[in-house]
Every structure is written in C-alpha cells, then in structure tokens.
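*Asks:* Got a structure for you, questions after.
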Amino acid sequence: MGIPSLTKHLFPYGETVVLGDSSTQEDGPPTVRSVVIDGPSLVYHVNYRLLASTRISNGTLDPQPTCDEVSRGFASCLLQLVQRGVQIQQICFDGALPIAKRETRRGRIERSRQRLEIARRQPLVAPSSEQCQRSPMRPAQFWSSRHLPSCFRNLPENPFMVSAVFEDLKRRWTKPRLATELEQEVDALELGPSEYPWADITVMVPGEADPECARIASLAGAAVLTNDSDLVVHDLGPHGAVIMINSLHLLEDAADKNNSDIRGLRLLPKRICERLGIPNIQRFAYELEQDPQIGLSDLIRRTKKSLETEEKKNDYDRFLKEYRTRTEEESISQDRFSNLVLDPRVCELVSQYELPDIYFSDQPHVYLGILHEDPSRRCAWENGRIFRTTAYSLLNSSYPTERQYPSVHEFVRRGRRIVPEEVILYEPLQFPTALRYVDTRLGLASLVLGDPSQHYFWVMFALAEIYQDPNTSMFPEFTALKQFLERGRMGERGDWVDIHFLASIHAVFYSLRILKQVLSMIDEEIWKGSKHLSLLDKLPPAHLLLVSRLELTKGFQREFFAHQSLCQLFQTYEQTYD
C-alpha cells in the first residue's frame, strides 16, 4: 500500500534497465531476465492504460474496462515479457490483509465511494454508436505513462477485475486461446509444457502477496514488478530488486518498429543502502513513516542513529512485523487451497478461519467493494444476499464449534457511508430449510429459463431474483426491461437507472459465485441432498458473467427472444410468488 514519499527519495538512486533481450549495443543498460509479478498492481496498471485509450465522448461509467478487456490486456503484457526472454517466476495475488491494515482497506473503499458520488454528479453522454469507443491497444500503450483524461480520474475501479484475471490465468489462457483471442504467435515462445502456461506460477497467497513476492525474488535474484513501494522494504536478498510498473515504457526504434525495448527503473535496496551509507532500508522506511515531510539529509542522519528509548525500539519492532516472512501456518494454508480457484474476497474470509491470530479480530468480515451503481439508490448488494448468507453459513459450519461464529460483517455502502452490516448465519438446524430454498429457486429456473450453460439463463435468473425481492421498490415494466435486454438501456438514452439495474444483476451473479466457491471447499455430505446446487458448476467465468450492459445484450439478439424470455419469467414467477 506504500509509504508516502519513499519512492520519491529512492528513485534518484535507481538505475534504468531493460526487461529481457536488449535491442541496443553491449554498452546499453543492464538487463533483467527474471521477474516476480505483483498481480493486482499489474491488473490496475492495465485497467488504467485501457481507460486512457478510451474516447472522451463515452458516458460516465461506460468507459470502464470490462473484466474481459483487463484479462486480455494482462495476458498480452505477459506475452510481451516472454517474447523478450523474461522468465516469470511467479504471479502473486493478495488473499487477505492483516488486522492492522483493515482501516487502510476501509479507507480505500471509502475513496471509491466518493469517486462514485463525483461520477454521479457528472452528466452522462450517450455514445452515438451505443458502445464504448476504445482505441485498438498496441503493445506500446501498455508500457506508457499517458495520463488519464480528467473526466475519467474519478471513476471507481471495476470491483471484479482482479478476480477475473486470477481465474483466467488458472483456467482460461491455454496456448490455443492466447493465439486466437489475442492474435499472437505463441508456438515459438517458451511457455512450458502445461496446457495453461501460467496456472502453476499463479498463486493466491493466504495473506498479503508482498512477503511471497519478496521470498521468490530473494531465492531467484529476481526483480518484483509492482506499484507498491512497500516491496522495497522487504528482505529481497543480495540480488533481489523492485521495478515500479508505472516506470516501464516501450522504447521503439524509429527506423524499425519491431525493434523495441521495455525499459524501467530498478531499485536495488542493497546498492541503495551502500550509496546512502545506511545500515538497511527498513530503518530508512521506518523513519520516513514517522515523519513523511522530512528531508533526505535529515532522514539519512536519523537512520544512522541508534534507537535511544525502549518505546522507540518497540515501535520499530511493530513496524518490522509488517514486513515479516510468511509463517509456517500460512504456508500450510496456501498448500491446502492451492488447487482451488478462489476470489480474493472468499480467500480472505477463509483466512480468518484458518489463521485467526493474523487475520481475525472480533467478527468474520467480507469487504464486498463498491459496485458501479447509483449512490442515491439502495445499495445493489441487497440483491443476492440469500446466496451469500448460505455460503457464509456453510463455510462457518465446516469448522469446529469453537471456531464458529453467529454472524459475518459485510462492509458495504449505506447511503454516503461504508458500514459493517451484520449478516446472521444459519444454525445447523436451519440448513435443510435454507438449502432447500436455494435448491428450489435453481430447480425452477432450470425448468423454465433455458440452458444453464448459457449466459442468458443466468441473466434471467438474476432478473427473477430481483423481481421476487420484496424490498425491490420499483421493478421495470415489461417494455423497458425488454429494451434493456436488447439495447442495454430502458429509455431513449442510457441513464443511471440502467447502470444501477446492471449493478443489481452483478450483485446476484457475484453472490452465486461466492456460493459456488464455498461449495467447492466443503464436505459434500453437508449438501448432498440438494438436487440442483450442482447447476452452479455451469456458472460462467467472471470474464463472461460480469459483463457490460452492451455485452449483456448479445445473448438476446435473436428475434423475439427477449420478449419470449420475459413472458416466461413473468408468467412463471407471478404464479409462483403472488
């Protein structure tokens, strides 16, 4: 998450390097051929590069890159590194944050909420083509520092993109799909023998990814690609380094566009300490944390001084704990779940049960994040709660009694605040009723809504859930809903009512996704009597499920299909739930 001003003080002592093979002569910059990637940092970098390529005429939230676009961009970046002879040691994703950083996380979500409010105050400009106009992405654009247009700077991030990228690295990107979907020649690349070339090196760490990135960098003498300055403070070993992703840029040969280098600024903590004459980078960072406004000369002087009081020594020990190596328990926990593909939110909840001393305080919690919704309306996360409650309850019951809890706190938007909302968990005697309730809903949908392997089935299922919700204040009328399915908007032009309705659909989708992942972890004996929960196995991956309004319409382009589907929905659910 970064220490303020740390990179400002260290960048002058960095060195320019080339990632992989260099196109210059032998006297050019040194090369880096081995890297560890901070997954979320690269995800956000790709997201911003895509956003920077978007034409300004698009509506306020429509320009946000989709899960699919970000995943494609991420894979493209990896291919560009491999093409240049860079060995990717590991791609690490955060699976949880320690208790000490909970307020930091909450602050981030609050900033996203504030950005959403700013976006809401801006006028929507409907694109003439009815779709997002994004310039075709060339490799150079992923490695550039082009600034975002001011109208995009306050957009909240896609809350699902990190989950989607992690899932795709594990289960989507085969060599044939890389070749066809990204239009890349991959046969000559060293991608290894595995069907999914990056699956084995992609890990969800049960905790912060930083210590794992540092551990691999230390062992392999690799550079960590990240935008988190905290990585510099970790023990990277004598040859480990950090390269800030936002310093990377493509240097093209004017005479030959195919002759190019990816260059960036490398920070070698060991070498920087030698140049500054300080004992270690940890003490340097600690003193800077104490006084972020301090000048470099005074900072070096304080770093060289011994800690004079016991209080100072204890505080320094507290600081160092944030940069500790992984515990044996964390390693065991990672090994236990290494074959599962869990979203970070689910992994964080599991980590609180598995490693309570590190990740648990008073109550299990889930940070659901800010949906792209209308902040003046009821939070869209109200939709799909039955599925999340069932998932939390099943997970809770899978642990010994002494490690079970009566509720889970969901951090969500309520009006203009981020609050922990208590979700009361089912007791064991309530499980049959709760599971039967969910099972019945899935079973009815499978009878009347079509093929559950198709995206449109899950769209109609989500509409049925929203329609049945007694707290839904206003469900769209038939004509408006039909137009939403066919054109992505209910009126003549896109409006916030369309954006919020899609957020409600996404809330149902993601709640089903949480339930599906929890079911993959627990003993099937708990739910073996359910006939239809296995339908969740057909839930599409995030890049196909959590799509934009206009992508959603692709499943309803057949003549009369939206009309027929809605007739079936209203007829079935009016009779069943009136």
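The values are calculated or read from the model by the stated rules, or taken from the named source; none is laboratory data. Everything quoted here is computed from the prediction, not taken from an experiment. Methodologically, a virtual Cβ is constructed for each residue, glycine included, from the backbone with ideal geometry; neighbour enumeration extends over all protein chains shown.
*Asks:* Output the residues belonging to region 63-93 that are assigned to a loop (DSSP other than H, G, I, E, B) and under 21 Å from Arg171 (Cβ atoms). Can you show your working first?
*Replies:* The first filter runs over region 63-93 and keeps only residues assigned to a loop (DSSP other than H, G, I, E, B), leaving 63-66, 84-86.
Across region 63-93, the qualifying residues are Pro65, Thr66.
*Asks:* Report, ordered by the first and then the second residue, all pairs with beta carbons closer than 9 Å, sequence separation of six or more or different chains, a first member in region 179-200 that is in the same structural domain as Ile37 (by TED's automatic domain parsing) and at pLDDT 90 or above, and a second member that is acidic (Asp, Glu) and part of a loop (DSSP other than H, G, I, E, B).
*Replies:* Within 9 Å, the pairs are Ala179/Glu185; Ala179/Asp187.
*Asks:* Quick check on this structure: which one of Glu465, Glu492 is exposed (fewer than 13 other Cβ atoms within 10 Å of the Cβ) and either closer than 17 Å to Leu544 by Cβ or not hydrophobic (A, V, I, L, M, F, W, C) (or both)?
*Replies:* Details: Glu465 fails: exposed (fewer than 13 other Cβ atoms within 10 Å of the Cβ).
Criteria check complete, one pass: Glu492.
*Asks:* State yes or no: is Ser511 part of a loop (DSSP other than H, G, I, E, B) and either at positive phi or of a type in the set (Ser, Thr, Tyr) (or both)? Let's see the steps before the verdict.
*Replies:* Details: part of a loop (DSSP other than H, G, I, E, B): no; either at positive phi or of a type in the set (Ser, Thr, Tyr) (or both): yes.
In short, no.
*Asks:* Taking the criterion of being crowded, with 20+ Cβ neighbours inside 10 Å, β-branched (Val, Ile, Thr) and modelled with pLDDT of 90 or more, would at least one residue in region 146-169 satisfy it? It would help to see each step written out before you state the result.
*Replies:* Filtering region 146-169 down to residues crowded, with 20+ Cβ neighbours inside 10 Å leaves 155-169.
Adding the requirement that they be β-branched (Val, Ile, Thr) leaves 162, 165.
When the remaining residues are screened for being modelled with pLDDT of 90 or more, the result is 162, 165.
Taking every residue of region 146-169 in turn, at least one turns out to be crowded, with 20+ Cβ neighbours inside 10 Å, β-branched (Val, Ile, Thr) and modelled with pLDDT of 90 or more.
*Asks:* Do we find that Leu544 is under 30 Å from Leu395 (Cα atoms) and surrounded by fewer than 18 Cβ atoms within 10 Å (Cβ to Cβ) in this structure? Steps first, answer last, please.
*Replies:* Working: under 30 Å from Leu395 (Cα atoms): yes; surrounded by fewer than 18 Cβ atoms within 10 Å (Cβ to Cβ): yes.
So Leu544 passes the test.
*Asks:* Ok, one more. Can you tell me which of Asp256, Asp261 is out of contact with any helix residue (DSSP H, G or I) (no Cβ under 9 Å at 6 or more places or on another chain), at pLDDT below 95 and buried (at least 20 other Cβ atoms within 10 Å of the Cβ)? Give the derivation first.
*Replies:* Numbers: Asp256 fails: buried (at least 20 other Cβ atoms within 10 Å of the Cβ).
Exactly one of Asp256, Asp261 is out of contact with any helix residue (DSSP H, G or I) (no Cβ under 9 Å at 6 or more places or on another chain), at pLDDT below 95 and buried (at least 20 other Cβ atoms within 10 Å of the Cβ), namely Asp261.
*Asks:* Can Lys312 be described as over 23 Å from Val32 (Cβ atoms) and surrounded by fewer than 12 Cβ atoms within 10 Å (Cβ to Cβ)? I'd like the intermediate steps shown before the answer.
*Replies:* Values: over 23 Å from Val32 (Cβ atoms): yes; surrounded by fewer than 12 Cβ atoms within 10 Å (Cβ to Cβ): no.
When the stated conditions are applied, Lys312 does not pass them.
*Asks:* Which of the residues that make up region 494-508 are in a helix (DSSP H, G or I) and not aromatic (Phe, Trp, Tyr)?
*Replies:* Residues of region 494-508 in a helix (DSSP H, G or I): 496-508.
Val497, Asp498, Ile499, His500, Leu502, Ala503, Ser504, Ile505, His506, Ala507, Val508 - these are the residues of region 494-508 that are in a helix (DSSP H, G or I) and not aromatic (Phe, Trp, Tyr).
*Asks:* Being among the hydrophobic types (A, V, I, L, M, F, W, C) and out of contact with any helix residue (DSSP H, G or I) (no Cβ under 6 Å at 6 or more places or on another chain) is the filter; apply it to region 553-565 and report the residue that is nearest to Met460 (Cα to Cα). Reasoning before the result, please.
*Replies:* Restricting attention to region 553-565, the residues satisfying the condition of being among the hydrophobic types (A, V, I, L, M, F, W, C) are 556, 560-562.
Next, from what is left, pick out any that are out of contact with any helix residue (DSSP H, G or I) (no Cβ under 6 Å at 6 or more places or on another chain): 560-561.
Values: Phe560: 15, Phe561: 12 Å.
Selected residue: Phe561.
*Asks:* Suppose the filter is of a type in the set (S, T, N, Q), modelled with pLDDT of 90 or more and either farther than 30 Å from Ala217 by Cβ or buried (at least 20 other Cβ atoms within 10 Å of the Cβ) (or both); does Thr60 pass it?
*Replies:* Numbers: of a type in the set (S, T, N, Q): yes; modelled with pLDDT of 90 or more: no; either farther than 30 Å from Ala217 by Cβ or buried (at least 20 other Cβ atoms within 10 Å of the Cβ) (or both): yes.
In short, no.
*Asks:* Here's a follow-up. Residue check, Gln557 against (1) in contact (Cβ under 8 Å) with a residue 60 or more places away in the chain; (2) under 26 Å from the mean Cα position of the chain (by Cα), all met but one. Which one?
*Replies:* Of (1) in contact (Cβ under 8 Å) with a residue 60 or more places away in the chain; (2) under 26 Å from the mean Cα position of the chain (by Cα), only one is false for Gln557: (2).
*Asks:* Listed residues Phe74, Phe11, Phe93; which is more than 23 Å from the chain's Cα centre (by Cα) and at negative phi? Let's see the steps before the verdict.
*Replies:* Working: Phe74 fails: more than 23 Å from the chain's Cα centre (by Cα); Phe93 fails: more than 23 Å from the chain's Cα centre (by Cα).
Exactly one of Phe74, Phe11, Phe93 is more than 23 Å from the chain's Cα centre (by Cα) and at negative phi, namely Phe11.
*Asks:* Hey, another quick one. I need every pair where a residue in region 413-433 that is surrounded by 14 or more Cβ atoms within 10 Å (Cβ to Cβ) and at pLDDT 90 or above has its Cβ under 6 Å from the Cβ of a residue that is in a helix (DSSP H, G or I) and among the aromatic types (Phe, Trp, Tyr), sequence separation at least 6 or different chains.
*Replies:* Leu425/Tyr392
*Asks:* May I ask you to list the residues in region 520-552 that are in contact (Cβ under 8 Å) with a residue 60 or more places away in the chain, part of a loop (DSSP other than H, G, I, E, B) and farther than 19 Å from Val459 by Cβ?
*Replies:* As a first pass, look at region 520-552 and keep what is in contact (Cβ under 8 Å) with a residue 60 or more places away in the chain: 520-523, 526-527, 529-533, 535-536, 538-552.
Next cut, part of a loop (DSSP other than H, G, I, E, B) only: 520-523, 527, 529-532, 539-541, 546-548.
Within region 520-552, Ser520, Met521, Ile522, Asp523, Trp527, Gly529, Ser530, Lys531 meet the criteria.
*Asks:* Quick check on region 359-378. Is at least one of its residues assigned to a helix (DSSP H, G or I) and either among the β-branched types (Val, Ile, Thr) or modelled with pLDDT of 85 or more (or both)? Show your work before the answer.
*Replies:* Taking region 359-378 as the starting set, the residues that turn out to be assigned to a helix (DSSP H, G or I) are 359.
Next cut, either among the β-branched types (Val, Ile, Thr) or modelled with pLDDT of 85 or more (or both) only: none.
No, region 359-378 contains no residue that is assigned to a helix (DSSP H, G or I) and either among the β-branched types (Val, Ile, Thr) or modelled with pLDDT of 85 or more (or both).
*Asks:* Going by what's in this entry, would Val408 be described as touching a strand residue (DSSP E or B) at 6+ places or on another chain (Cβ under 9 Å), under 14 Å from Trp381 (Cα atoms) and not basic (Lys, Arg)? Lay out the reasoning, then the answer.
*Replies:* Numbers: touching a strand residue (DSSP E or B) at 6+ places or on another chain (Cβ under 9 Å): yes; under 14 Å from Trp381 (Cα atoms): no; not basic (Lys, Arg): yes.
In short, no.
*Asks:* For a quick check of your reading of the model, give me the residue pairs whose first member lies in region 453-482 and is over 11 Å from Tyr573 (Cα atoms), whose second is surrounded by 14 or more Cβ atoms within 10 Å (Cβ to Cβ) and of a type in the set (Asp, Glu), with beta-carbon atoms closer than 7 Å and at least 6 apart or on different chains.
*Replies:* Going by the 7 Å Cβ cut-off, the qualifying pairs are Asn471/Glu382.
*Asks:* Here is a follow-up. Name the pairs whose Cβ atoms lie under 8 Å apart, with the first residue in region 294-318 and within 19 Å of Leu276 (Cα to Cα), the second modelled with pLDDT of 90 or more and among the small types (Gly, Ala, Ser), and 6 or more positions between them or separate chains?
*Replies:* What qualifies is Ile300/Gly277; Lys304/Gly277.
*Asks:* Mind checking which residues of region 177-203 are surrounded by 15 or more Cβ atoms within 10 Å (Cβ to Cβ) and either of a type in the set (Ser, Thr, Tyr) or touching a Pro at 6+ places or on another chain (Cβ under 7 Å) (or both)?
*Replies:* The answer is Leu191, Tyr196, Thr202.
*Asks:* Which condition number in (1) surrounded by fewer than 19 Cβ atoms within 10 Å (Cβ to Cβ); (2) in contact with a Lys or Arg (Cβ under 6 Å, 6 or more places away or on another chain) is the one that Phe570 fails?
*Replies:* Failing condition for Phe570: (2).
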